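Since the structure comes first, as structure tokens, the remarks are kept for the end.
The values are calculated or read from the model by the stated rules, or taken from the named source; none is laboratory data. These numbers come from a predicted model, not from an experiment. For neighbour counting, all protein chains shown are included, and Cβ atoms are generated from backbone atoms with ideal geometry for every residue, glycine included.
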Ligand SMILES: [Zn+2]
């Protein structure tokens, strides 16, 4: 129980970025769904390859890394370089994505969130405490959940909480 009126300190999971509230993120997710003409069928095993091609034509690339070269299984399920537009994932996750697996789709949408929300580390330090809405990881999760909700995709099993960056 907290007895002070001060908000509890928020521990950032990711980089501190420009704050976006759920309404902003929902709007951006909606624009992306429209631009790429996304629907529930887009994420089926037979169609996801078309979306991946479409992304590549728009400068977003997925690099699947051989499982034995993916040294980060304890740290990350996927990685992203938002400035370069590159998403890196181990082959087994990439294969799951291509089978339309809900967990792999959410990981993929999370990484796309980092790209479409234009995440980059802030270059200056601030003496004010960070808040949830400035956390790049929270924003990317929120983006993924917005798309999943809008397109009525099958959610991943809630008991599985994996780390991905
Ligand atoms: Zn992330």
Those residues that are over 21 Å from residue 151 (Cβ atoms), more than 12 Å from the chain's Cα centre (by Cα) and not in a strand (DSSP E or B), I need them from region 81-112; list them, please. 83, 84, 85, 91, 92, 95
Consider region 77-89. How many of its residues are near the ligand (Cβ under 10 Å from one of its atoms) and closer than 11 Å to residue 65 by Cβ? 2
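Quick grid of which residues meet (1) modelled with pLDDT of 95 or more; (2) more than 14 Å from the ligand (Cβ to nearest atom); (3) surrounded by fewer than 20 Cβ atoms within 10 Å (Cβ to Cβ):
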| site | (1), (2), (3) |
| --- | --- |
| 105 | yes, yes, no |
| 109 | yes, no, no |
| 125 | no, yes, yes |
| 132 | no, yes, yes |
| 135 | no, no, no |
| 140 | yes, no, no |
| 144 | yes, no, no |
Anything in region 146-165 that is surrounded by 19 or more Cβ atoms within 10 Å (Cβ to Cβ) and either more than 16 Å from the ligand (Cβ to nearest atom) or modelled with pLDDT of 90 or more (or both)? List them, or say none. 146, 147, 148, 153
Go through region 71-87 and count every residue that is under 14 Å from residue 104 (Cβ atoms) and touching a strand residue (DSSP E or B) at 6+ places or on another chain (Cβ under 6 Å). 2
Residue 115 being touching a helix residue (DSSP H, G or I) at 6+ places or on another chain (Cβ under 7 Å) and at pLDDT 90 or above: no
